[in-house]
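The values are calculated or read from the model by the stated rules, or taken from the named source; none is laboratory data. Note that the coordinates shown come from a computational prediction; the quantities given were computed from them, not determined experimentally. Note that each Cβ is placed from the backbone with ideal geometry, even for glycine, and that neighbours are counted across all protein chains shown.
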Amino acid sequence: MTDITIFLGPPGAGKGTQAEKISEKFNIPHISTGVMLREHVENETELGLVAKEILNKGNLVSDELVTSMLIERLENDDCEKGAILDGFPRTITQAESLNIEGLNIKTVILFEVNETELIKRMVERGREDDTEESIKVRLDVYRDETLPLIKFYDDKDVLKTVDAFGDIDEIFNHISGLIKT
Ligand code: ADP
């Protein structure tokens, strides 16, 4: 059985930073669909060529493409015991696609940060897709497509909320405690 931990939250909330640290501490792979997609763009794969423009604009890559990329990754041997998903699912359709035998959605960590801080962090990060226009689109997409996942997972009693505004190590300790139980 593969125990899945999902990091849910808006862009710029620090999911990637915390996922790296948690991955190291608990020795489970960190799977970021954003990182995977950017690698595809970099390597100019078929998927990368489709995704490039979409990423730069801040829109979502289609559920079909992202889901098949993710499921394939989860079939890798290193995910036998578990995995941390960062940036997936981002839509209800994607969440439903995780409803497969052998996968157990164990914990969903919701990162809460106010919007002013999110924008500040993304501007400072300065990734290629961190333009003012793309940030606005990503926050809108988060509100429209991803926010419904909070209720979806709360109804399944797996949702845990973390105040993600503050000290990185304190947030890390909080998440570590939630994952252990
Ligand atoms: P951020 O922290 O800014 O959300 P990510 O690295 O998680 O950054 O994602 C970057 C981009 O990759 C998103 O804006 C989106 O275009 C694409 N992407 C990542 N994950 C998904 C997903 N699950 N479904 C659709 N598109 C995705």
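What the table shows:
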| item | result |
| --- | --- |
| ARG138 being surrounded by 17 or more Cβ atoms within 10 Å (Cβ to Cβ), at pLDDT 95 or above and of a type in the set (D, E, K, R) | yes |
| Selected residue [at pLDDT below 95 and surrounded by fewer than 17 Cβ atoms within 10 Å (Cβ to Cβ)] from GLY166, GLY177 | GLY166 |
| Which listed residue is farther than 23 Å from THR17 by Cα and in contact (Cβ under 8 Å) with a residue 24 or more places away in the chain, from LEU85, LEU118, LEU103 | LEU103 |
| Filter result for THR161 (away from the ligand (no atom under 16 Å from the Cβ), closer than 21 Å to LYS21 by Cα and crowded, with 18+ Cβ neighbours inside 10 Å) | no |
| Among (1) more than 13 Å from the ligand (Cβ to nearest atom); (2) part of a loop (DSSP other than H, G, I, E, B) - the single one ASP130 does not satisfy | (1) |
| Residues (among the aliphatic types (A, V, I, L, M), more than 11 Å from the ligand (Cβ to nearest atom) and touching a helix residue (DSSP H, G or I) at 6+ places or on another chain (Cβ under 7 Å)) located in the stretch 31-49 | LEU47 |
| Unique residue being without any contact (Cβ under 8 Å) to a residue 40 or more places away in the chain and under 17 Å from SER134 (Cβ atoms) when the list is ILE71, ILE54 | ILE54 |
| Matching residues, the stretch 25-63, being among the small types (Gly, Ala, Ser) and in a loop (DSSP other than H, G, I, E, B) | GLY58, SER62 |
| Among residues of the stretch 1-22, those that are hydroxyl-bearing (Ser, Thr, Tyr) and away from the ligand (no atom under 15 Å from the Cβ), counted | 2 |
| Set ARG138, ARG127, ARG143: member being within 20 Å of THR91 (Cβ to Cβ) and free of Cβ contacts under 8 Å to residues at least 12 places away in the same chain | ARG143 |
| Meets criteria (more than 10 Å from the ligand (Cβ to nearest atom), among the acidic types (Asp, Glu), modelled with pLDDT of 95 or more and farther than 20 Å from ASP144 by Cα) for GLU75 | yes |
| Sole residue being under 17 Å from VAL108 (Cα atoms) and away from the ligand (no atom under 15 Å from the Cβ), chosen from LEU178, LEU147 | LEU178 |
| Test for ILE28: is it among the aliphatic types (A, V, I, L, M), more than 13 Å from the ligand (Cβ to nearest atom) and at pLDDT 95 or above | yes |
